Each structure stands twice: as structure tokens, then as C-alpha cells.
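Step one of this worksheet: look at the structure below.
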Amino acid sequence: MKRRNFIKNVAGATVAASVLPIATSCKSLDGVAQDINKENKAVSGNGGEEQWHQLGTGKKVPNPDRKKTVIYDVAVVGAGVAGISAAVAAARNGAKTVLINDRPVLGGNASSEIRVTLNGVNRLKSGKAERETGIVEEIMLENRLYNPQQSYPVWDHIVYDYVVREPNLTVMLNTQAIDANMDGNKIVSARCWQLTTETEFTIKAAIFIDSSGDGLMAAKAGALYRTGREGKAEFNEKYAPDVADGWQMGASILLQGKDHGKPMPYTPPTFVKKYDGDNANHERKINNYLDGYWWVELGSDHDIVDVQEENRHDLMGYLHGVWDYIKNSGKFPDSENYALEWVGSLPGRRESRRFIGDHILSEKDLTEHKHFDDAIGFGGWSLDEHNPSGILDIKERPSFFHQRFKTVYQVPFSSLYSKNISNLMFAGRNASLTHIALSSTRIQGTCALMGQAVGTAATICVAKGITPREVRNKHIKQLQEMLMRDDVYIPKVVANDPKDLAKKASVIFGSSTKTGDAKNVINGISRDIDGQINHWQSESLPAVFQMEWENPVTLSKVEVKCDTNLQKNITMRKQPLNDWLKKTFITTVPPELIKVLDLEARVNGKWIKVGEKTSNIARLIKFDFDQVKTTAIRIHLKETYGFKTAKLFEVRAYES
Amino acid sequence: MLKFKKTITKNILILVKRFTFLVFLMVVLPSNSYLSSSKITHKVAIIHPAIDVHKPIECFLVEEILPNKTKQFYLDVDSVNCGENICEVITVRMFWDELGRYAKYELEQGDELEKKEGVPFTNKDYKKLEWVLNNKDSELKLMFKNDLVVSNFVEQGNVNVDAVSGATSTITPNEIVEGAVWTCFTLWHWANGEIISKIREINRNQLTHQNLIENYLHHQDDDYKNFAIESLQTKQVFDTVAVLEIEKAMLTSSYPVFKTGLQYVENLSEEKYYQSMLRLFNKGDNQRRIACLNAVSKTSKKGNEFYYDQLSKAVQNFNYQEIEVFLTSVKLTKFTSPVLTEKLIILLKESDNFLIARRAYWFLSDQEILLTKKQKIKLQKFKKKYKNRL
């Protein structure tokens, strides 16, 4: 009965436009035709008022014209890794949030529909990774624990679980935001079509985040954007072409093969497009039959959105052409037992619209490591600009790795909100970037950091009733502090939250010290970076880490950032790791991660346990407990996922 | 073609030289170790990943006494095992010191190392090779033969990674001499491989207890000290002289030497163990004192009363962390003593450090039943005075 009333309320919003935001998953909106028809105007047509003969009720009613209006604080369009990060950040920080995705699964390019490896700063010049932390790290760690079989469909559900369990967050799948209703330069609502329920949603929100990649809703809102490559002169970019042109990096379709242990013949489909591997550039080499080939890629020199369906068809043909070359050219006899296990049908896109913000991030910002006072995250994938023409020019290298980075660069907030639409932000490949900057920032790990930043910023906007630009101009320190507390690393920015009582501790020590000073946990930098140690490490386990205050403090939260070895990649790959790759990639939960720990507070001279984790799987470990007046806390570090020592990078303590 | 002929000729010469040397060894000397003036040759079997990852290869490791009485070890090896018979092979003599630490390499007069396509090493390449071989944490450590032959990219130091697939990547160019990855791989695993433990074992077996103490434990180099402590432990040398000498080294050397020493001390008898711990605690800095307290709190050895009694007398000199760890340990072991109680009562009033005084207060409050009337009054006074800070 409650469920029925709830649906009535939502449906009523189409006329009242004042419904309360919903707090449950949108999958609850399964619709009851009879009720909906009471509120909605019937569609006239040949069937007329009696078009639908409902055998269950015995009634004849018009075909339903399903329309609903819902209201949120923050609407996030597009649920790739950037959108997921944005939505989760907004919801966790108190905003009623909706995440709208035009596909049946979450994850965008990383989903089982496309299967792009979720890379980040995988490999700096040092040869080491500098992994992104925060929300993307949480998802990746859970995937390593719950999906050891490295199944992409299972990954989809891990991501789904991660998102739908947020109490402030509603997920709408199979829903595309196709238009924006405006009031001047402000988006009032997004018009969305939910394919599976044949329902048109009007989604009202104070803040809109377009993280959809192509950015249809933002474009419809009138947000300024550009496509193509800037000429060298505009941003003084070394790797840009001399003259601007329309080229956009292509989309790719991937495949996965499987060894069946017996000969597996292959006959290509009729739409196959022959691949002349004998005359291809040596970097398009065939070196495995398990994973796809990212250079099965097609772009556009004008409007990649317009040609997307043609490209999809051709890409599917080229994919089979490459596999036909592997199986039937006679040059790869060891592929005899392999067969296609999965083939993509949805191209993974690298580039289309890039919206214009207050700042357009460009090559030199990255290569010269420009310092931004509104930095919100980082990137560090090489400048990896793909070959114009893609697979149409196989004699050319598939990509130009123009330059790798010695260390990570900053990404500024002013590249993440629209220059001309006051309540619109972006995250991911459609942010305010030049084509060359995009060749690095397009990597999903970097996009996730953008997402977490705009999601968090949206909550400041909602709480204060201000625009993203005002956040940038007046509240950027607050945004940075919130992000760093939530485990985002911002290069060259040191956390200094005045509410953090750990910074006021009189004594901090560990039971033993292998490396690092115990006081590093309050130095405001929560990872080892650029050769600087910012951790404390025990000599062995179990170990105890303790903080003591001269005067009692009242606490209800203690937050610990521990070690997940950010210099190794934990992204899911489609091929088994050889021994050498194991140096930079792992396929398990990082053995450094603390698994079992508890927290005690000293109350009236007695230690009392206020929190315990018996199977921790997060880098940022949060203990929430009833307020206690205490003079000391101590963390018992008992067991990791394999290592014999434990590292802590930060400990925070809050009254509330 | 010319290049090929040159390689074949050189390889034949090397084989002849090797064979002659081998015949000399086999005929003249007994098996396993062969003595020749100031040189001893040891037959050792070791795994080398460039040759075979499972089957050990037998080598003739030469030990040589140098004029300064120290030893060095050397081995003649092929410069490269590329598995494809396309590489120029010369003999490289590799040297290690008596601790098995790689020292240097030498080439025969006129020989030179080559890079791909027969390009000879430049001076810069030779210097880079030295750096590569001295880099203990090189990526080469985890590379295997099969990884090296995946493509030409390795030799070129290229990277072929895409955002989409995270596909094959290769060794960081910095880690090798460009164009000579096979040579770097082969020689690195000679320099830093199993041979190290073989050398240490050979050396350890030759040293007397006195040698170990006088020449190794007293050495300026901490690696020598660690070797001495480990060796004395392996040889089960636990006499008073050795114990005192090791304690001295533990207190005057770096912390890792102290940690090695703690493992040695753990092997002492109960009485000697606690005596040693007391000496180490009394003379150690804060880090060492904490390590001692932790070690004792974890040991399974009985008979700790003397140790705790002695420490109780000195609590006024403890810093806060030491007090905390000590009293926690005392509580765990249920140790009680009037001496400790009285010393803590004094701390209530006289400690300059409020945290220490408060910690003493918490401890005493927990065992109020054991206090005298006078002590209880002092405890109450403290409580009243600092009621807002407890």
C-alpha cells in the first residue's frame, strides 16, 4: 500500500511539480498503468479512449502517455566512472542525487558492454603507477575482493551494488537525457526518456552534471563546446597540428578470445572488413588472442556523433577482419584452439564534444605542471594521441605517445563547469580541455577524480545556494578540504582541516617503526609522493598506533587512511600477468591493505573499544561511534591481506 | 655474414679457453674446492634465469685472498645468454666481495661488449652497465627470459600501452643499456643472483668465532656487522664475550643492526636474555628502548621479575611512550611490586610531563587496592586537582 501511494505521489508531480525527492532506487518506478492514466492525458489515435483492453481488469483505457516529474538536488547525466564518482560524492555529502544512464549497466567505457581497461596514472617515467584514490579506489578494491575471477558482467554488478547502496542516491538506467529546459542561462530540468518503461521524465535539480561523454543534454542547454584539434598557436601546444582541424580521436570495439583446448575453426560474418596485417605498422602487432586490439578504431574529421552508427558497423567488420587474419591467414598457428568468447557491439568513445569552462586545460598546463589554486585532482597518463584515420591508415602508428610524465599534474576545478550555463558542471572527456590535453586526461581514473570533485562541489552549491563559479571563487578551500578528507589526492595541496582534532594531539607514536615518523599521519599529505615519505610503518604485526591529548576531547569519528600500494595497478585486465608485469600490476587485493583492525578510546583511564573492522576493504577506513570524552585513542593493526607490516598515511579525529 | 663468422670464431676461442681451464682444474685439484696459491676454486650449483629457471648450472667460483687480507670472489661467465644464437658472446669476469656483494666486472684485453646489430659499447654504455649491475631493485629482477623476447620494443625501450587495453608494456629504458637488454639481463642475474648466498656460506664456514668478532663485528660497515651476528647465531655462539660484543655493536650501529641483534638475543638463555635486555634498554636511545620493551612483552621466556623490578626503579627517566608501553606490558604480565607503586606515586607530583603523571594515575587507580593509605591520599589529591583533564 505504501508503495502504491509513493508511486501516486511521483506521478502527481507532473502537475504539481512539488513532489518530495525520492530516496529509493528508480527501479521502484515500475508504473501502474491505471494510476498513471488517471493523471496523464491520453494519447489520441486510432485506438482512441479504448485502445488498451486490460484483460486483467476488464477495462478499456487509452494507451498510457507516461510522464513523470521528479526533483533532486543534483542530477548527474551519464554513469561512466566519472558520473558514478560524481553521484556518489554528491549523495554522500548530503545532496539528494539522481544518476541517469542511457545504458542498462553502469560503468560506461569500463562496463561489460565495452570493456575498456580502467586505467589511471598507470606508469610515470619512473616506471611506477600513481593510482587515483577516493571513490574509484573504493570500487577497484571491492572488485579485487569480490571478483577474483575477473568477470566483466560480475564487475557490472559490483559497480551497481556500490552505487545503489547509497541511501541518498537514485539510479535510473536505460534513461537518456535528451533535452534541457532553461530559465535564462540556468537549467531548470532535464527531459529524459526511459526506454524500458516508455516514460518521459522531467528531472528538476539545482545542479546538473553532464558526465555523459558526448554531452547531449549540456549541448541542448546551450553550453558552449568545441570539437576537433586546436592549432599550435592557440595554446602554444607543441604536439598540436600547425593548423586547427576537425579531427576527433576514434572509438574502438574490443573482443575477448578463449582457448578451448581443441581446434576451433572460424568463419567471418558477411559484414567482415578485411585486415591487411602483413602491411600494417609493426606497432599493430598481433601478440595475444585473449584481449582485443584497441587500434580497431574509427574517428571522424568533422562530427563523430553524426557518423557513430556507420562507424559502429564498420568497427564490427574490422574486428572480425583482425580475428580472420589471426585465425585464417596461417601466420598464427598457435591461435588454432582459440575462439571468440565475447565481441563488443558498442564502440568505446575517446572524444567528441569538449565543453568550454572558465579555463581550458591545455598541453603546457600538463607538461609544465602548472600550479592551479583551484586544483581538485590529478592526471598523469602520457599524452597519448591516437592516429588520425584509425584503422583506415594501418601503415601509420596507432597512437603517438608524445610524452610521458615524470610526476602527476594538477587538474583545475575551473575546467569542470560551464562558462555560460550557470548551474552546469562536467566530468570526464567532455570537460574543458584542448584536444592534446584530452589525450591524457581522457583516462578513466583521471575522469573519476573530476567526477568526485564536481559531485562534492555540487553539494556546496546546494547547501549555499550558489553556482559552481562561486565555489571556485569563494569556497575553493572548502572544496579541496572536503575532497582530501574523502581521500582524493591533490598535488601540492596540504590538507589542514581545522575541525580535525588529530592535529591537536600532544603525542603520537606507534608501537614500533620500520619507516616514517608517526607524526606523518597528521602532515596533510596522505600518500608517499615525489620521493617524500608521508607514512608511518610498523616493524611487524600486530602493531599499535596511539594518539594522546593533554586535555580530553570529544570524538565520534576517527578516519584512517592506510596503505594499498598506490604504485601498483589493480585495474582488471583481460590477459593473465606475466612475471614481469607483476611488478606493476596485481590481480588481488593489495597485500599491504589492512584487513583487521580495531579502535579504542581511553575513557576515564580505561580503554574501551569503539570500532572494529574484521574484513576491511577500503583505503579510507571510517569509524563512526557514539560520542566519547577521551584522552587517547589507539588503533590495533592486526592483519593485512598478506604483508607483515602496516602503513598509515593519515589519521583524523572529529567531534561530529 | 662477416659478423656471423666473427661471432663463431670468437665463441670457439672462448670454448677452447674454458675447456683448457676446466681440464686443468679437474686434473690438478680435488673435487668441490681446489686450492691454488692464494686462490681456492669452489664448485657451486646455481640457478640463472637466463640459462634455465629450474635446472642449476655448475660453476667454478674462485676465492682469492687479497694483499690487504680481505677476500674477493670471481667467476668467468658468458656476457650474454640470449637463447637465439645471434648475440656476440665474450667472457666477463665478475667479482664479489667476501659478503657476496657485487663489486665489478672485467673483460679480457681486446674484448668488448656489443649492443644490437654489433654496435660496440661506448664508454657511457660501460658506465651505465655498472649502474645497472649495482641497482639491486632493478626491474630485471622480476623479468624472465620469455619476457625479453616478446618484441623489438624491449631493445628499443619503447612502451606500447594503450588506455583501452592496458596492453603489453616493457622495461623502463632507464633500467638498461639501450640496445643491450640481453647482456644487462644476463649479467645482472650473475651479479645479484644466487651466487651471493653461496659466497656468504663459503665465507661463513671458513671464519672462526674470533674472526667474526674481531674482523666483522668490529668492522665500520654495518653489512659486516649483520653478517657477523647472523653467523654467530648460525654457529650457536652464545658465550659472554660474544653477547657483550654484539650488544656493543647493536648500540653503536644503525637500527637494522640492532634488529638483527635482537634476533640473536632472543636465542639466549632466560637469565642471559633479561640481563642483555636490561643493558640494551638502559644504554639505548628511545627507538631501541621501545624495541626492547616490545620484545620482552612478546617473548615466551619466563622469569621476568628481575627485569621489571629493575625497570621500575628507573621510571622517572622514561619518556611518555616508554611509560605507556612499559605499564601496558606490566599490566599484561600482571607484575606488581611496591617499588613500582612508590615510583609511580612520585611521578604524580614530580613529573614535568602531565601525560606521564596522568598515565601513572590511571595505572595506580587500577590497583588502588594495593596502595597504602598515604598513597591513596596522594592519588585522590591528583584526581581532585586535575579532574578536568582526566
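The values are calculated or read from the model by the stated rules, or taken from the named source; none is laboratory data. What you see is a predicted model, and the numbers here were worked out from it, not measured in a lab. Every residue, glycine among them, receives a Cβ derived from its backbone with ideal geometry; neighbour counts consider all protein chains shown. The protein model used for the area step is the full one, side chains on, heavy atoms only, and it has no ligands, DNA or RNA in it. Shrake-Rupley method; radii C 1.70, N 1.55, O 1.52, S 1.80 Å.
Structure notes:
- Helix-only mean residue ellipticity at 222 nm for chain A, each DSSP H run of n ≥ 4 adding -39500 (n - 2.57), per residue, nearest 500: -6500 deg cm²/dmol
- Going from the isolated chain to the complete set of protein chains, region A:579-618 loses at least 50 Å² of heavy-atom accessible area (1.4 Å probe) at A:Asp579, A:Trp580, A:Lys583, A:Arg602.
- Shape analysis of region B:207-303 places it in the oblate category; the axes a ≥ b ≥ c from the Cα gyration tensor give an a/c of at least 1.5, with a/b not above b/c.
- When region A:501-654 is reduced to its Cα atoms, the Kirkwood hydrodynamic radius in Å: 16.1
- Sorting the segments A:474-482, B:378-386 by their mean number of nearby beta carbons within 10 angstrom, highest to lowest, gives A:474-482, B:378-386.
- Stretching the chain fully between B:Asn267 and B:Asn123 yields a gain of 46.8 nm (0.36 nm per residue, less the alpha carbon separation).
- Using 0.36 nm per residue and subtracting the Cα-Cα separation, the extra length available between A:Asp65 and A:Lys504 on full extension is 151.9 nm.
- Exceeding the 25 Å Cα-Cα cut-off - candidates A:Lys557/A:Lys609; B:Lys302/B:Lys378; B:Lys283/B:Lys373; B:Lys104/B:Lys124: B:Lys302/B:Lys378; B:Lys283/B:Lys373
- Using a probe radius of 1.4 angstrom, the carbon and sulfur fraction of the accessible surface of region A:416-499 is 52%.
- Delta accessible area of at least 10 Å² on complex formation, residues of region B:333-366, 1.4 Å probe, chain isolated as reference: B:Phe354, B:Leu355, B:Arg358, B:Arg359, B:Trp362, B:Asp366
- The residues of region A:492-533 occluded by other protein chains by 30 Å² or more of accessible area, set against the chain on its own, are A:Val507, A:Phe509, A:Ser511; surface from heavy atoms, 1.4 Å probe.
- Cβ neighbours within 10 Å from other chains - mean over B:251-259: 1
- Here the label points at A:Leu195 and A:Thr270, each 7 Å from Cα along the C-beta direction, are separated by 2.5 nm in the simple model.
- Of the cross-linked pairs B:Lys298/B:Lys343; A:Lys504/A:Lys629; B:Lys343/B:Lys383; A:Lys125/B:Lys128; A:Lys647/B:Lys301; A:Lys514/B:Lys298, those separated by over 20 Å at the C-alpha level are B:Lys298/B:Lys343; A:Lys647/B:Lys301.
- Sulfur and carbon atoms: percent of accessible area, region A:501-654 [1.4 Å]: 47
- Cα gyration tensor shape of the protein assembly as shown, rounded if a/c is under 1.5, else prolate or oblate by comparing a/b with b/c: oblate
- Counting DSSP beta bridges with both ends in the protein assembly as shown, the antiparallel % (nearest 5): 80
- Using a simple spin-label model with pseudo-atoms 7 Å out from Cα toward Cβ, B:Ser197 and B:Asp111 lie 2.8 nm apart.
- Extension reserve of the A:Lys492-A:Glu655 stretch, reckoned as 0.36 nm per residue once the Cα distance is removed: 55.9 nm
- Computed magnitude of the charge dipole of the protein assembly as shown (debye, nearest 20; Cβ of K, R +1, Cβ of D, E -1): 3940
- Amide H partners (placed H, <5 Å) of A:Glu612, local residues excluded: A:Leu599
- B:Lys136-B:Ser365 pseudo-label distance in nm [points 7 Å out on the Cα-to-Cβ vector]: 4.9
- Solvent-accessible area per residue for the protein assembly as shown (1.4 angstrom probe, square angstrom): 42
- When each of A:Lys644/B:Lys334; A:Lys285/B:Lys116; A:Lys370/A:Lys474; A:Lys406/A:Lys574; A:Lys561/A:Lys613; B:Lys331/B:Lys385 is checked by Cα-Cα distance, pairs over 24 Å: A:Lys644/B:Lys334; A:Lys406/A:Lys574; B:Lys331/B:Lys385
- Three-way shape label, region A:400-513, alpha-carbon gyration tensor, a/c 1.5: oblate
- Buried area at the B-A interface (accessible, heavy atoms, 1.4 Å probe, summed, Å²): 3900
- For A:Thr614 and B:Lys384, a Förster radius of 35 Å and the Cβ-Cβ distance give a FRET efficiency of 0.25, rounded to the nearest 0.05.
- The phi torsions of region A:625-639, fed into the Karplus equation with coefficients 6.51, -1.76 and 1.60 and a -60° offset, translate into couplings of 8, 4, 3, 10, 8, 9, 10, 7, 10, 9, 10, 8, 9, 9, 7 Hz, rounded to whole numbers, with Gly and Pro shown as x.
- FRET efficiency, A:Lys186 to A:Asp624 (Cβ-Cβ, R0 41 Å, nearest 0.05): 0.65
- Debye intensity ratio in log₁₀ form over the Cα atoms of region A:110-267, taken at each q of 0.09 Å⁻¹: -0.52
- The portion of the accessible surface of region A:254-345 made up by carbon and sulfur, rounded to a whole percent, is 48 (1.4 Å probe; DNA, RNA and ligands excluded).
- Solvent-accessible area of B:Phe227 with every protein chain in place, 1.4 Å probe, in Å² to the nearest 10: 0
- Zone residues, region A:158-201, relative to A:Ser345, backbone N less than 18 Å from point 7 Å out along Cα-to-Cβ: A:174-175, A:195-196
- Partners of A:Lys59 within straight-line reach, counting lysines whose Cα lies under 19 Å from its Cα and excluding those fewer than 8 residues away in the same chain: A:Lys38, A:Lys41.
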